[in-house]
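Undergrad: Okay, handing you the structure first.
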Amino acid sequence: MPDSNDGTGAAAAEITAPTELARTLTLFQIEESLALLAESAEEEGLTPEIEAALTAYLEGAVEKRDRVAEFIHFCDAMAELAKLEVKRLQARQKHFEATAERVSSMVLRVLDWLRVPKLEGRTNTLKKRKCPPSVNVIDEQKIPAEYKRVTVTLPLPQWQELLARTPEEFRNTVLAGVRKQEITLELDAIKQALNLEKAVEGADLTLNRFKLQVI
């Protein structure tokens, strides 16, 4: 769109097809031009040139809006396909891992039957290798508690109260035995408290935030 002193004569001077406008200009540029044309019409009156430009830019804006919405739908669809692809690849991974394990077991049986430590191919060798010792759990219920770890999730105030009521020596022993401590925020509870106008130090409500909805 050519420049002019007030930024509005451009659209009136050179009318471009709506489809071309939608293709060459951004949504912001089209909407800005519409606003400028509307201002020009108020100041100068609705001349045939301005009317033609308004018509072209209105139609171009409609087409551009649809293109933007379609692109957002496309991105959302691709994101969903990516999620499905992750699940498919995970299933594929498990399938090939299980297949490799099954074939490996078969080759080990062949090596045992032939009583040889390895089988030579042109570019690969199938060799029987001893694995380091590993634990075979026969009955988990019979394993003593000293060899087990428990993970408990509870509200932080209850955890703090539990520690406060525990004798110092035992409390220190418990804390020394903590392998991992993770604290998460109950965002729903915080939001509910703030909605009830209760002060929550370290947090507040984010207001007047908007999300684009494509319908």
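The values are calculated or read from the model by the stated rules, or taken from the named source; none is laboratory data. Since the model is a prediction, treat every value here as computed from it, not as a measurement. FYI the Cβ positions are ideal-geometry reconstructions off the backbone, even for glycines, and counts take in every protein chain you see. Accessible surface areas use protein heavy atoms only, side chains included; no ligands, DNA or RNA. Shrake-Rupley method; radii C 1.70, N 1.55, O 1.52, S 1.80 Å.
Undergrad: Out of Ser40, Ser4, Ser33, report the one residue that is at pLDDT below 75 and of a type in the set (Gly, Ala, Ser). Break it down into steps so the answer makes sense when it comes.
TA: Working: Ser40 fails: at pLDDT below 75; Ser33 fails: at pLDDT below 75.
Sole residue among the options that is at pLDDT below 75 and of a type in the set (Gly, Ala, Ser): Ser4.
Undergrad: Since Arg88 meets every condition but one in (1) in contact (Cβ under 8 Å) with a residue 60 or more places away in the chain; (2) open to solvent by 90 Å² or more (accessible area, probe 1.4 Å), which condition does it not meet?
TA: All conditions are met except number (1).
Undergrad: For segment 119-133, which residues satisfy the criterion of being assigned to a strand (DSSP E or B) and open to solvent by 100 Å² or more (accessible area, probe 1.4 Å)?
TA: Scanning segment 119-133 gives Glu120, Lys127.
Undergrad: Still on this structure, please answer the following. So, Arg23, is that one modelled with pLDDT of 80 or more and either touching a Ser or Thr at 6+ places or on another chain (Cβ under 8 Å) or among the basic types (Lys, Arg) (or both) or not?
TA: Working: modelled with pLDDT of 80 or more: no; either touching a Ser or Thr at 6+ places or on another chain (Cβ under 8 Å) or among the basic types (Lys, Arg) (or both): yes.
Judged against the criteria, Arg23 is not a match.
Undergrad: A further question follows. Tally time: how many residues in segment 41-61 are surrounded by 11 or more Cβ atoms within 10 Å (Cβ to Cβ) and either in contact (Cβ under 8 Å) with a residue 12 or more places away in the chain or on the phi > 0 side of the Ramachandran plot (or both)? Step through it out loud before you land on a result.
TA: Here is the first cut: in segment 41-61, the residues surrounded by 11 or more Cβ atoms within 10 Å (Cβ to Cβ) are 41, 44, 46-47, 49-61.
Going one step further and asking which of them are either in contact (Cβ under 8 Å) with a residue 12 or more places away in the chain or on the phi > 0 side of the Ramachandran plot (or both), we end up with 41, 47, 49-50, 52-54, 56-61.
Total meeting the criteria: 13.
Undergrad: Look through Asn136, Asn208 and report the one residue that is under 30 Å from Asp66 (Cα atoms), assigned to a loop (DSSP other than H, G, I, E, B) and either open to solvent by 70 Å² or more (accessible area, probe 1.4 Å) or at pLDDT below 85 (or both).
TA: Values: Asn136 fails: under 30 Å from Asp66 (Cα atoms).
Only one candidate qualifies: Asn208.
Undergrad: Just checking, which of Ala79, Ala69 is touching a residue at least 12 places away in the same chain (Cβ under 8 Å), closer than 30 Å to Phe28 by Cβ and of a type in the set (Gly, Ala, Ser)? Before you say what the answer is, go through the steps one by one.
TA: Details: Ala79 fails: touching a residue at least 12 places away in the same chain (Cβ under 8 Å).
Checking each option against the conditions leaves just Ala69.
Undergrad: Further, regarding this structure: Considering each of Met106, Met78 in turn, give the residue that is aliphatic (A, V, I, L, M), in a helix (DSSP H, G or I), within 30 Å of Arg23 (Cα to Cα) and open to solvent by less than 100 Å² (accessible area, probe 1.4 Å). Full working, then the answer.
TA: Numbers: Met106 fails: within 30 Å of Arg23 (Cα to Cα).
After ruling out the rest, the residue left standing is Met78.
Undergrad: Taking segment 20-57, which residues are among the acidic types (Asp, Glu) and within 17 Å of Ala69 (Cα to Cα)?
TA: Filtering segment 20-57 for residues among the acidic types (Asp, Glu) gives 20, 31-32, 39, 42-44, 49, 51.
Selection gives Glu31 alone.
Undergrad: A further question follows. All but one of (1) within 30 Å of Thr206 (Cβ to Cβ); (2) open to solvent by 100 Å² or more (accessible area, probe 1.4 Å) hold for Ala189; state the number of the condition that does not hold.
TA: (2)
Undergrad: Report the residue count in segment 139-184 for those that are more than 37 Å from the chain's Cα centre (by Cα), exposed (fewer than 10 other Cβ atoms within 10 Å of the Cβ) and either assigned to a helix (DSSP H, G or I) or of a type in the set (A, V, I, L, M, F, W, C) (or both).
TA: Residues that pass the stated criteria total 9.
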